[in-house]
Amino acid sequence: MLAGESKRGLKSSIMHSILVYHTISESHEASPGDEMISPERFEQQLRWLSRRRRVVPLVETLHRKESERLVAITFDDGYRDNLTVALPILEKYSLPITLFVVAGFVDRDGYLSEEELREMSRHPLVTIGAHGLWHRHFNRLTPDEAHFELVESRRVLEDIVHKKVDLLAWPFGECDGALERLSAQCGYRASWSVWKGTNDSHSRWRVPLGRRDNLLLFIAKSSGGYALTEAKWHRFQERRVGTACGSGRSIARVERDSPTEINRPLPQAVLTRPD
């Protein structure tokens, strides 16, 4: 086990399944990160979940025993189709979601407008969380930059929805121990990554979904053991790379089901909003 790995992480035999969606679109063309899922496939997955799994609001997984094998649904980024396409299907099956919004993307083309975000925040099935200010890779930021992203993303979102925002999903699914501690200091109740971190309260693991996930793979990803298996694989790869680099050799890093996030170009201006 890696240094600092939590006891509830790799030593666990089962986990809650926290699923990650991005965009539910009519288009069948591959998106840059293969994160696009058709409405038909999305409904097929929700139908299966509604019949075979207990789907709960994300916050419930924070204090429920892992042996209950709960499922929570999350969306990242804040695409407009989360409202126009995904939400009606979620309503059909009465399944709750947490929507992690990139604060700086609000009102951009293809993303939720301020009014649409407020509309979603008022919906009984939806909880709003933060996903960074500009969707930057936190592991590459200075402590001051990371602090600014964490604080400002909360401030901007709370200003829009007029509700407390204290849940966080790390952009690109990555964080480290220092960032976990920083997110707590910035007022976040809990945070979620993808395979990274200690799988404790500020780096809980999630399972990314994409257009290549047929129903059989989706069922596997919805099981309580999938995230644990993938986490072990990624840690094995990290050790392998570390060992090779330490011995002066270079090997290609293998990525399996890496977080389906897009490395978008970032605006140069700093986001500011009137008080």
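Key figures
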| item | result |
| --- | --- |
| Residues of region 177-192 classified as of a type in the set (Gly, Ala, Ser) and touching a strand residue (DSSP E or B) at 6+ places or on another chain (Cβ under 7 Å), total | 3 |
| Region 47-73 - residue that is open to solvent by less than 10 Å² (accessible area, probe 1.4 Å) and either closer than 26 Å to Glu26 by Cα or among the basic types (Lys, Arg) (or both) and, of those, nearest to the chain's Cα centre (by Cα) | Ile73 |
| Checking Ser67 against (1) within 19 Å of Ser201 (Cα to Cα); (2) modelled with pLDDT of 95 or more, the condition it does not meet | (2) |
| Residue check for Arg155: within 17 Å of the chain's Cα centre (by Cα), of a type in the set (Lys, Arg) and over 23 Å from Gly224 (Cα atoms) | no |
| Asp76 being modelled with pLDDT of 95 or more, open to solvent by 40 Å² or more (accessible area, probe 1.4 Å) and either touching a His at 6+ places or on another chain (Cβ under 6 Å) or not in a strand (DSSP E or B) (or both) | no |
| Matching helices (runs of 4 or more DSSP H) fully within region 83-180 where at least 2 residues are free of Cβ contacts under 8 Å to residues at least 24 places away in the same chain and open to solvent by 30 Å² or more (accessible area, probe 1.4 Å) | 143-161 |
| Selection within region 154-198 - at pLDDT below 95 and either under 18 Å from Arg118 (Cβ atoms) or among the charged types (D, E, K, R) (or both) | Glu174, Asp176, Lys196 |
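The values are calculated or read from the model by the stated rules, or taken from the named source; none is laboratory data. In this text, all values refer to a predicted model and were calculated from it rather than measured experimentally. Methodologically, a virtual Cβ is constructed for each residue, glycine included, from the backbone with ideal geometry; neighbour enumeration extends over all protein chains shown. Ligands, DNA and RNA are stripped out before the accessible areas are found, and what is left, the full protein with its side chains, is counted by its heavy atoms. Shrake-Rupley method; radii C 1.70, N 1.55, O 1.52, S 1.80 Å.
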